[in-house]
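Here is the structure we will look at.
Please treat every number below as a calculation from the coordinates, not as lab data. Please read all numbers here as calculations on a predicted model, not as lab measurements. Because the Cβ atoms are built from the backbone with ideal geometry, glycine has one as well, and the counts that use them run over all protein chains shown.
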Amino acid sequence: MTRSAAPVPTPAPTATTPTATTPTPGRTPSQLGPVGLVFTAGVSVQFGAALAVMIMPRAGAAGVVALRLAAAAVVLLLICRPKIRGYARSDWGTILAFGAAMAGMNGLFYQAIDRIPLGPAVTLEVLGPLALSVIVSRRLVNLLWAALALGGVVLLSGHGGDGGGFGFGGLDPAGAAFALGAGAMWAAYIVFSARTGRRFPQADGLALAMAVAAVLSLPLGIAEAGSALLVPGTLALGVGVAVLSSVLPYTLELLALRRMAAPTFAILMSLEPAIAATAGFLVLNQAMGVTDAFAIALVIAASMGAVRSQTRKRAG
């Protein structure tokens, strides 16, 4: 998917209308829109991560993060043109927290994939949203779905090893720690993304938070990469990473969180390792055995169950 030059983001117009912001109880199809948004965001992130690998040798992990967030902030600010007046102090506090969460999530994740393979990094990172779903859930069935998703993630992460698999044997401890830290910041991102979506219209809050994230990340990126960030080829790739890994997925996720409970969204985030495995199989010709396929099936089943239970709760 690409983004148009309209004054406001248009990847899923129906999710931004006033009637779509508050789902109608009992309407099962209303839940399918947010699920599609989350899934599309996950696919976009994986392709963006693959593109980021091309920039890493040129600008380093911190440089890639700074370039990605700065480019995303410029794109979103130009498209959304958010208003900065008329908001309470608590609204701006949410924006600052959301921006800090994005900066931390991206910075830690790119430090992780600079040290360990993408598959294990994503699998470790997704433990943050899974933990969030367990902590904030108030229904036993949500805990069961989260446990099933966690089982799939563990099975996927424990299988493989040498040859580009998803095994965790021999991982750099610092890289694994960075991935777990990114997962914690991902959980914070989910919470503050939902709050931002409720307080700011369209994607205005996202644009403002992205600017905060860029300001926080630029000093580290400039210190590591310096003038390499201004090379035309690196800039072009950075814009591509920004669109695929930040602008598009963050907008889709923010829109989805307006119509989906945070625990359900967190469980759906467990699809990320499955998407990574599928992309590796289709794009990179990485073998996917029976155990990998079964692990993916567990994660998808857990995600579908979470959505189904959430729909039933609203219908009741």
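Annotation for Val290 and Arg81: the two label points, set 7 Å from Cα along the Cα-Cβ direction, are 6.0 nm apart. Potential lengthening of the chain between Val53 and Val154 amounts to 33.8 nm, from the contour at 0.36 nm per residue minus the alpha-carbon distance.
Spacing of the modelled spin labels on Val141 and Ile222, each 7 Å from Cα toward Cβ, amounts to 5.3 nm. Neighbours of Pro82 by Cβ distance under 13 Å: Lys/Arg scored +1, Asp/Glu scored -1, total +2.
Taking θ as phi - 60° and the Karplus parameters 6.51, -1.76 and 1.60, the scalar couplings of region 222-239 work out to 5, 5, 8, 9, x, 5, 4, 5, 9, 5, x, x, 5, 4, 4, 5, x, 5 Hz in sequence order, x denoting glycine and proline. Label zone of Ala177 (point 7 Å out along Cα→Cβ, amide N under 20 Å): in region 94-120 this covers 104-118, 120.
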